[in-house]
1. Calculate, in nm to one decimal, what Asp168 and Glu118 gain on full extension: separation in residues at 0.36 nm each, minus their alpha carbon distance.
2. Please list 190-199, 155-164 highest first by mean number of surrounding beta-carbon atoms within 10 Å per residue.
3. Which Rg and Dmax, in Å, describe the Cα atoms of segment 24-90?
4. Determine the calculated [θ] at 222 nm for the chain from helices alone, applying -39500 (n - 2.57) to every DSSP H run no shorter than 4 residues and normalising by the residue count; nearest 500 deg cm²/dmol.
5. Under a plain spin-label model, where a point goes 7 Å from the Cα along Cα-to-Cβ, how far apart in nm are Gln175 and Asp218?
6. Computed over the Cα atoms, what is the radius of gyration of segment 191-230 divided by 2.2 N^0.38 Å, N being its residue count?
7. Expressed as a whole percent, how much of the Cα-Cα distance distribution for segment 106-250 exceeds 20 Å?
8. Based on the alpha carbons, how large is the Rg to Rh ratio for segment 41-125 when Rh follows Kirkwood?
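Read the figures in this text as sums done on the coordinates, not as results from a lab. Nothing here was measured: the structure is a model prediction, and the numbers come from that model. Every residue, glycine as well, gets a Cβ built from its backbone with ideal geometry; the counts of neighbours run over all protein chains shown.
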Amino acid sequence: MTKFTTWDGLELNYRVWEGEGVPVVLQHGVVADTNANWMSTGVVGALQAAGRTVVSLDARGHGRSDKPHDPARYSWESMAKDVRALYDELGFDRVVQVGYSMGGIISLLVAAADDRVERLVLGGIGSGVLDCGGVDRRVVELSELQTAMGDDNGEAPPLAMMFRILADAVHADRQAIQAVATGLDTRPISGVADIKMPTLVLAGDNDPFAAEPERLADALPNGTLAVVPGDHLMAVIAPSFHTALVDFVK
């Protein structure tokens, strides 16, 4: 595990598993971190078994990275700039970018802005990217996620409380996650049609946050779709998720 100072002075944690080929850079979902989203689910192991170099970044506010409680330190653009700053830190000129949930939206923005991304994988997201500015607010509002992370969370709906349970399980800083949920804007993600590299949309068949994944895949000029068993938390564990990911990044 290593830290670097990103573009606005925060120290962010990342981990590298050495291998061969174009590096596969992983960006996790909200509340989670490198261990919860990628290591404990078997994703890193599957990529290592395929011989790939793997890099995973703990997003600001998450894992072992700095966790400011100021919502102004969080936005989709700032998190995308962090990923690009990691490319600079490691001297990468070609990458495969992989993101899940929040990390999928971040990865989409990275790919739209950085021609170092030659292949892209978007997991755990679907038509919400097109219709709702990234987070599918038809499923959960960011305000509900803010409530779930507070001490008085009785008004939070069950899907928002799922993230509270996950936060406590991974010992997340709930005040930082509240700040993340407050800082993320809800403007529609633009430029999807300009993402020309091969892109895999990888969705669980029972994942409400990845509704209508075929619409997202169809909106991408070079998009393909793989649907695997599972909901938002379990799809990433499915062996078919690992197989689809490894086959695509080869």
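1. Full extension of this stretch gives 14.4 nm more.
2. 155-164, 190-199
3. Using the Cα atoms of segment 24-90, the pair Rg, Dmax is 12.7, 40 Å.
4. Details: 9 runs with 85 residues, N = 250.
Taken over the chain, the calculation gives -10000 deg cm²/dmol.
5. 4.7 nm
6. Working: Rg = 10.3 Å, N = 40, 2.2 N^0.38 = 8.9 Å.
Dividing the Cα Rg of segment 191-230 by 2.2 N^0.38 Å gives 1.15.
7. Values: 5377 of 10440 pairs.
Counting pairs separated by more than 20 Å, the tail of P(r) holds 52 percent.
8. Details: Rg = 13.1 Å, Rh = 13.6 Å.
In segment 41-125, Rg relative to Rh is 0.96.
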